[in-house]
Amino acid sequence: MESKKKRDLASIATIPLGMTLANSMLIPVIPMMQKVLGINSLQASLIITSYAVIAIFFIPVTGYLSDRIGRKKVILPGLLLVAAAGGLAGWAATFCDHPYRLILWSRLLQGLGAAACFPVVLPLVGDLFRNEDDVSNGLGIVETANTFGKVLSPVLGSALALWAWYIPFWAIPAISLISFILVAAWVKVPKESKQAMPFKPFVDSIKSIYRQKGRWIWAIYAAGGISMFVLFGTLFFLSETLEQKGIDGIGKGGLLAIPLAGLCTASWLVGKWIGQKKQLMKWIGVAGFLVAAACLLGLGLLKKDSTIVIIGFLFAASIGLGAALPCIDALLTEGIDKEQRGTVMSFYSSIRFLGVAAGPPFTAWIISRSPSVFYLTLCASCFAASLVAWFLIKPEQRSR
């Protein structure tokens, strides 16, 4: 990797880390919020889901703007909005008698800010490097930062909640402002040697990409969305299960972090290793989804209530997902020209956020009926992702 770009990449990596903490840090605190706010499980899940829902609709807008006016000009205001909305949520939780609705509104604003942050990171990494090995490695580091945020968030969220249940809301502005300072000071985006394409030709070029290569692009979109749906569904389920077993606080956060540690490690190792091997990326993705499907099938058929068994199977499933994610990221990023990369990647990020949004409420709805059906549904989802990757993703097909 180009040595001068390592500081840029480290600064960029703080963005997915911060955006993940802004959402996942609240998961272990959800049962406590239910009790304090007097809300049910579905209402509590909306505190997580609302963040993702608004992002789904605005990510394509921020992706387009990043192609037109530049990545940093979109990311930096987004980070400030995330910080301001986090402060609003913290204020409402601290000083209002009935803060639930205001917390939801602040989470919507946070999601709007997040729409301008992590989704723009992926194309930004593609812009920074000329060598595709460096791009793959960089995307692996970004995905690792994202998953490390998920590893850290249960422990950090649980630790902060020991002080007061609303302290995690106050932590979000501090984290976002650190990212803002680092990105503003250190990230140097390469200057374009040519002017931005006029609007109509730009739209025509996007239509042309989807017309010619839409089959494998939409396959990657589907695989990414399923990954997030399964991941956030299992996290919410594990959090609820541990709470029912009387496990809370930092101990609960540590147990939630175990499957995420597998996800993080697998993402980092695969991102560092795959380089320019496009066919290998595809088959690692297929294998990763099959591993996750097999683990979830095992949980569904065994019907075990043991904490050790559940965490062990989810740890193995998370390794599969962690191996698949940097591969599908790299296949999409490296297959799209820089001029259209932000827009095409934005739809990918929207669908990933759709998975994030759907996972917790689906889990809250189905586990009260049948945990086995929950596991088998997620198993079927992972198996479908493996089939999509196997038959529809064609690494040799590129938009260039």
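Structural remarks
- Criterion violated by Thr363 - all others in (1) in a helix (DSSP H, G or I); (2) touching a Pro at 6+ places or on another chain (Cβ under 9 Å); (3) of a type outside the set (A, V, I, L, M) satisfied: (2)
- First in the range 127-146 and under 23 Å from Asp67 (Cα atoms), second anywhere and of a type in the set (Phe, Trp, Tyr) and assigned to a helix (DSSP H, G or I), Cβ under 7 Å, 6 or more apart: Gly140/Trp268
- Among (1) in contact with a Cys (Cβ under 7 Å, 6 or more places away or on another chain); (2) at pLDDT below 85 - the single one Thr333 does not satisfy: (1)
- Where a residue in the range 254-281 is closer than 15 Å to Leu321 by Cβ and in a helix (DSSP H, G or I) and its partner, wherever it lies, is among the small types (Gly, Ala, Ser) and modelled with pLDDT of 90 or more, with Cβ under 6 Å and at least six apart: Pro259/Ser318; Gly262/Ser318; Leu263/Ser318; Leu263/Gly322; Ala266/Gly322; Ala266/Ala323; Ser267/Gly322; Val270/Ala323
- Test result for Arg400, modelled with pLDDT under 85, charged (D, E, K, R) and closer than 30 Å to Leu108 by Cα: no
- Scanning the range 127-142 for residues that are within 13 Å of Ser267 (Cα to Cα) and at pLDDT 75 or above yields a total of 6.
- Looking across the range 33-45 at every residue that is of a type in the set (A, V, I, L, M) and crowded, with 20+ Cβ neighbours inside 10 Å, the one that is modelled with the lowest pLDDT is identified as Ala44.
- Residues in the range 225-253 that are outside any helix (DSSP H, G or I) and of a type outside the set (Gly, Ala, Ser) were compared, and the one that is surrounded by the most Cβ atoms within 10 Å (Cβ to Cβ) is Asp248.
- Of all residues in the range 312-352, those satisfying the criterion of being acidic (Asp, Glu) and either outside any helix (DSSP H, G or I) or within 17 Å of the chain's Cα centre (by Cα) (or both) are Asp329, Glu334, Asp337.
- Matching residues, the range 345-363, being crowded, with 23+ Cβ neighbours inside 10 Å and within 22 Å of Asp305 (Cβ to Cβ): Gly359, Pro360, Thr363
- Residues of the range 303-323 satisfying the condition of being small (Gly, Ala, Ser) and in contact (Cβ under 8 Å) with a residue 24 or more places away in the chain: Ala316, Ala317, Ser318, Gly320, Gly322, Ala323
The values are calculated or read from the model by the stated rules, or taken from the named source; none is laboratory data. Please read all numbers here as calculations on a predicted model, not as lab measurements. Don't worry about glycine lacking a Cβ; one is built from the backbone with ideal geometry, like all the others, and counts go over all protein chains shown.
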